[in-house]
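Trainee: Mind looking over this structure? Questions follow.
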Amino acid sequence: MAVSAFMYGPAMQSLANKEIDIDSDALKVMLCTSSYTPNQDTHRYRSSITNEITGTGYTAGGAALTGVTVAYNSTTNTLTIDCDDVTWATSTLTARYAVFYDSSPASDSVRPVLCYWDFGADIASSSGPFTLTISTGGLITWTVS
């Protein structure tokens, strides 16, 4: 399975406007069905995200990200946001997308989205683990040029 990762463009605007504080805000990941149509240019808040999955072992709103870090590497001129892998341990579900967002604001209309993964096809678990393995390069990496 080839996973493609994409940044939501308006996430940069949310970062610049101090709507997201990676170091202190609660970040989450939710899963969506193949009926969700991502839009990198217009989806800015969680309220734009549709077709969240339902399933055994999955709670609406998704799972909290743990081990979140922000680091700058002056040798490679990269800024990296990283976190631990996410697992729904005993689940029965089917998903096509994973959407990462800031859950700290009070409502979905102001909860900024960061990035999303497209699994390329529906993937499923059946009474077992559903795991999102974060790249060794981090969840998000920006290169300064």
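No lab work stands behind these numbers, since they all come straight from the coordinates. If you're wondering where the values come from, they're calculated on a predicted model, not measured in any experiment. For neighbour counting, all protein chains shown are included, and Cβ atoms are generated from backbone atoms with ideal geometry for every residue, glycine included.
Trainee: Just to check I understand the Karplus step: with θ = phi - 60° and J = 6.51 cos²θ - 1.76 cosθ + 1.60, what whole-Hz values come out for region 29-41, glycine and proline as x?
Mentor: So the Karplus estimates, Gly and Pro as x, are 10, 10, 10, 10, 7, 5, 6, 6, 10, x, 9, 4, 8 Hz.
Trainee: Return the FRET efficiency for the residue pair ILE134, SER109: r is the Cβ-Cβ distance, R0 is 30 Å, and the value is rounded to the nearest 0.05. Please list the in-between numbers first.
Mentor: Working: r = 28 Å, r/R0 = 0.92.
FRET efficiency, ILE134 to SER109: 0.60.
Trainee: Can you give me the distance in nm between label points at ASP84 and GLN40, each placed 7 Å from the Cα along the Cα-to-Cβ direction?
Mentor: It is 3.1 nm.
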